[in-house]
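K.L.:
First the structure, then my questions, so here it is.
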Amino acid sequence: MFAPRANAHLCSKLRISTGSLSSHRCYAYVRPNPVVTPGKAPKPKHGHPVKLKFKTKGSRGITLANTNMELLYGNSPIRAALQQGRREIYGLYYQGGFMGDEPRTEMNELISMAKAQAVPVTDVSKSDMTAAIYGANHQGILLKVSRTDAARLRQLGPLVNGRYSAELATGVVELEPRRKFPLLVCLEGIQDERNLGSIIRTALFFGADGVLMSGRDACRPSPIVSKTSAGAMECLAMYRSDRLPVLLSKARQNGWSVVCTAVRESANGSDECSPLDRISNLSGPTLLVLGSEGRGVTPALQDLSDIDVHIPMRSDIPSYIDSLNVGVAAGVILSALKFAGE
């Protein structure tokens with residue numbers, strides 16, 4: 001409707017106030033050499049409105065062909081994805097002039113790894129890269145990969161001759177535990193992606209064999225989760241079940257123990273809720289159950305608990321602070337759980 005001023009190209013800065021991007025368009029005023037006072041936006045005294053279009057997917061240099069693709073960002077997730085080979089890889093994008101907080105040698109190593117696997121490598125602008133992941137901290141590098149999700153887990157088998165089975169929707173697989181006995185971290189209703197990423201990173205560090213998530217009330221293993229986990233999500237087995245009570249009940253029949261976290265009182269209504277520092281060493285396959293910060297572990301899973309455990313407080317605190325962040329709690333508990341003979 002309006003044409004920009006002829007000297008609009010002399011602008012040293014463009015400030016945009018969008019409000020809502022539901023229509024994926026916004027208007028900004030362009031004026032030459034605006035004087036900006038700290039804390040105040042430039043006033044549109046001499047400018048003309050210029051229409052700017054925002055794309056909801058990708059950018060001029062980075063596009064996703066379909067919903068089965070996604071973009072990993074950050075050095076650690078990209079390195080893990082390239083090394084693990086669990087995803088299809090379609091392309092690597094890097095910001096040629098990026099220096100950032102990390103040494104440039106890290107980026108060069110990732111570029112070399114991608115080229116060694118015949119992955120297309122493209123130099124793109126900072127604006128294209130930032131737009132592609134909606135302003136997240138990309139560290140100057142992106143990897144276009146196939147979208148991943150947790151495998152559907154139907155049943156856990158007994159430990160026989162140092163191996164156990166996992167029945168997935170795609171078939172049965174035989175697995176060897178990373179520690180003396182299998183250990184899975186079971187998460188019920190975890191919806192915060194950063195909490196999930198933190199727990200996955202902790203679970204991998206302390207030797208868990210995988211993370212089992214509840215169904216529709218939990219977030220999916222997204223690029224945000226992978227970034228928060230520092231790439232651990234690309235290395236650890238991820239499972240999901242819409243029927244956790246049924247799965248845990250069958251697992252108990254196959255020799256698995258269920259350890260439920262609680263605040264102070266016993267989760268299953270008994271008088272036995274052990275402080276973390278007083279529980280005995282575990283002696284078989286174990287499922288550690290953690291609930292959401294809002295409601296904790298639900299009664300359906302509490303009733304299946306073999307051991308209820310809580311993290312003891314070391315001092316008096318206000319009554320409205322009765323628990324830890326679930327990611328922190330997972331780290332404290334996993335660091336204390338030991339198997340007999342370890």
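K.L.:
Looking only at residues in the range 149-201 that are surrounded by fewer than 22 Cβ atoms within 10 Å (Cβ to Cβ) and among the polar types (S, T, N, Q), which one is nearest to Leu282 (Cα to Cα)?
P.N.:
Applying the filter and picking the extreme gives Asn161.
K.L.:
Moving to a separate point now. Mind checking which residues of the range 212-225 are surrounded by 20 or more Cβ atoms within 10 Å (Cβ to Cβ), under 27 Å from Tyr164 (Cα atoms) and touching a residue at least 60 places away in the same chain (Cβ under 8 Å)?
P.N.:
Across the range 212-225, the qualifying residues are Leu212, Met213, Pro221.
K.L.:
With Leu175, Leu168, Leu159 as the choices, which residue is assigned by TED's automatic domain parsing to the domain that holds Tyr239, over 25 Å from the mean Cα position of the chain (by Cα) and either touching a residue at least 12 places away in the same chain (Cβ under 8 Å) or under 28 Å from Gly210 (Cβ atoms) (or both)?
P.N.:
On inspection, the qualifying residue turns out to be Leu159.
K.L.:
Additional query: Could you figure out which of (1) in a strand (DSSP E or B); (2) at pLDDT 50 or above; (3) not assigned by TED's automatic domain parsing to the domain that holds His138 isn't true of Pro49?
P.N.:
The one condition Pro49 does not meet is (2).
K.L.:
Moving on. Would you say Gly284 is within 25 Å of Leu204 (Cα to Cα), assigned by TED's automatic domain parsing to the domain that holds Arg201 and within 26 Å of the chain's Cα centre (by Cα)?
P.N.:
Against the criterion (within 25 Å of Leu204 (Cα to Cα), assigned by TED's automatic domain parsing to the domain that holds Arg201 and within 26 Å of the chain's Cα centre (by Cα)), Gly284 does not qualify.
K.L.:
Which pairs do you get when a residue that is modelled with pLDDT under 95 and crowded, with 17+ Cβ neighbours inside 10 Å, found in the range 276-293, comes within reach of a residue that is part of a strand (DSSP E or B) and among the aromatic types (Phe, Trp, Tyr), reach meaning Cβ atoms under 7 angstrom, with the pair 6+ apart or on two chains?
P.N.:
Note: pairs meeting the criteria are Leu282/Phe339.
K.L.:
Taking only the range 213-241 into account, find how many residues are closer than 19 Å to Leu301 by Cβ and of a type in the set (Lys, Arg).
P.N.:
Number of matching residues: 2.
K.L.:
Which of the numbered conditions does Gly296 fail, given that it passes all the others? Conditions: (1) in contact (Cβ under 8 Å) with a residue 40 or more places away in the chain; (2) surrounded by 14 or more Cβ atoms within 10 Å (Cβ to Cβ); (3) over 22 Å from Asn254 (Cα atoms).
P.N.:
It fails just one condition, (1).
The values are calculated or read from the model by the stated rules, or taken from the named source; none is laboratory data. No experiment lies behind these values; they were computed from the predicted model shown. Don't worry about glycine lacking a Cβ; one is built from the backbone with ideal geometry, like all the others, and counts go over all protein chains shown.
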